[in-house]
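First comes the structure, then the notes that go with it.
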Amino acid sequence: MVKDPLYFFDDSETGRLARSIDWSRHELGPAELWPEALKIVLGIVFRNKHPMFVFWGENLICFYNDAYMPSFGLGKHPKAMGQRAIDCWPEVWPIISPQIETVMKTAGATWNVNALVPIFRNGRLEEVYWTY
């Protein structure tokens with residue numbers, strides 16, 4: 001039996017959405033050629049029942065799962081899939097960009113509990129408290 005080269009895109013709504021994107025026209029290139037590490041991470045994310053969101057690569061390409069979709073409210077899904085982080089999250093960029101930069105430079109982790117990170121969703125900027 002031949003393994004599906006896109007096995008990491010499961011049959012969830014977000015897995016199907018990611019599979020439907022023409023990645024050959026995207027900066028990441030064809031999904032079949034992505035690093036195995038990304039494929040493994042996405043296989044875990046798409047199949048998980050816990051809300052998960054991933055930034056991948058130098059331009060922090062966005063991936064997320066079905067459980068994360070309610071966090072978006074109306075307005076970001078489905079266009080967030082495959083978007084650069086700065087394009088997806090311009091309203092929070094001043095808050096999260098320094099944190100991401102620290103992680104990328106030090107390979108360390110950050111942890112924020114009930115942090116106010118206002119996001120644009122449901123047609124307006126909403127005060128949202130996140131643990132991430």
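The values are calculated or read from the model by the stated rules, or taken from the named source; none is laboratory data. Keep in mind it's a predicted model, so treat the numbers as computed, not measured. Note that we place each Cβ from the backbone using ideal geometry, even for glycine, and neighbour counts take in every protein chain shown. Areas reflect the complete protein model, heavy atoms only, side chains present, ligands, DNA and RNA absent. Shrake-Rupley method; radii C 1.70, N 1.55, O 1.52, S 1.80 Å.
Checking residue 109 against (1) without any contact (Cβ under 8 Å) to a residue 12 or more places away in the chain; (2) open to solvent by less than 50 Å² (accessible area, probe 1.4 Å), which test does it fail?
(2)
Restrict the check to the stretch 49-61 and report whether at least one residue is open to solvent by 50 Å² or more (accessible area, probe 1.4 Å), closer than 23 Å to residue 21 by Cα, in contact with a strand residue (DSSP E or B) (Cβ under 9 Å, 6 or more places away or on another chain) and polar (S, T, N, Q). Walk me through how you get there before you give the answer.
Step one: of the stretch 49-61, the residues open to solvent by 50 Å² or more (accessible area, probe 1.4 Å) are 49-53, 55-56, 58-59.
Going one step further and asking which of them are closer than 23 Å to residue 21 by Cα, we end up with 49, 51-53, 55-56, 58-59.
If we keep only those that are in contact with a strand residue (DSSP E or B) (Cβ under 9 Å, 6 or more places away or on another chain) as well, we get 51-53, 55-56, 59.
Right, trim to polar (S, T, N, Q) and you get 59.
Taking every residue of the stretch 49-61 in turn, at least one turns out to be open to solvent by 50 Å² or more (accessible area, probe 1.4 Å), closer than 23 Å to residue 21 by Cα, in contact with a strand residue (DSSP E or B) (Cβ under 9 Å, 6 or more places away or on another chain) and polar (S, T, N, Q).
If we scan the stretch 86-96, do we find a residue that is at pLDDT below 95 and surrounded by fewer than 14 Cβ atoms within 10 Å (Cβ to Cβ)?
no
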